[in-house]
1. Using Cβ contacts closer than 10 Å as the measure, can you line up S125, S154, S100 from fewest to most?
2. For region 90-155, just say rounded, prolate or oblate: build the C-alpha gyration tensor, square-root its eigenvalues into a ≥ b ≥ c, call rounded for a/c under 1.5, and beyond that prolate if a/b exceeds b/c, oblate if not.
3. For region 9-63, just the Cα set please: Rg and Dmax, both in angstrom.
4. If I build a Gaussian network model for the chain, linking alpha-carbon pairs within less than 10 angstrom, which residue out of A139, A20, A45 has the largest mean-square fluctuation?
5. In a Gaussian network model over the chain where Cα atoms closer than 10 Å are linked, find which of D66, D143, D84 has the largest mean-square fluctuation.
6. Choose one answer from T101, T33, T109: the residue with the largest mean-square fluctuation in a GNM of the chain with alpha-carbon springs under 10 Å.
7. Could you name the lysines whose alpha carbon sits less than 17 Å from that of K81, not counting residues in the same chain fewer than 8 places away?
8. Looking at the chain, I'd like the Rg to Rh ratio, where Rg is from alpha-carbon atoms and Rh is Kirkwood's inverse mean 1/r.
Amino acid sequence: MLMKKISGQSTFYYKRVLPALLFGVPLFILCVTLFTSPTRVPPLAFLPPLLLIPFFFLMFRKLVWDLADEVWDGGDHLVVKIGDQSESVPLGSIMNVSASTLVNPPRITLRLVSPGRFGQEISFSPPRNSMFNPFARNAVADDLIERVHRAKVSR
């Protein structure tokens, strides 16, 4: 069976490019201000960039860095890739499928019956359904919910 990619194209951007920009820009501004200012810079001027860095770190740790790089649908199983490792997850070993719609990037979390190579939960970012309706249900999540249920019932 031909495998279909069900994770979004922007995962690389969210996991690699955006953090480099969000950490790099405040650090760059901090360094430029520190080394190019002809007068002494007040210490409070460094507070906003220094507060942004831990905020971005915590936000990315919670919402982005745990996302799988790619998820492929193989019919009766999913192939999850994180870095150079991959794992095949049979649909019958998925306990629950949940979709978060009001976060950016959108995410689908698969809770497994028993932990696999990547732990008890696997999260990935699906392709966006619609830019115009942020409350729309995700088609990938709905399809997975139905197929996981059928796999459990047919056991």
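Computed from the coordinates by the stated procedures, all read-outs in this text should not be read as laboratory data. These figures come from a predicted structure and were not determined experimentally. Methodologically, a virtual Cβ is constructed for each residue, glycine included, from the backbone with ideal geometry; neighbour enumeration extends over all protein chains shown.
1. Listing S125, S154, S100 from fewest to most nearby Cβ atoms yields S154, S100, S125.
2. Verdict is oblate for region 90-155.
3. Cα only, region 9-63: 13.7, 46 Å (Rg, Dmax).
4. A45
5. D84
6. T33
7. Partners within reach: K4, K5, K15.
8. Rg divided by Rh gives 1.13.
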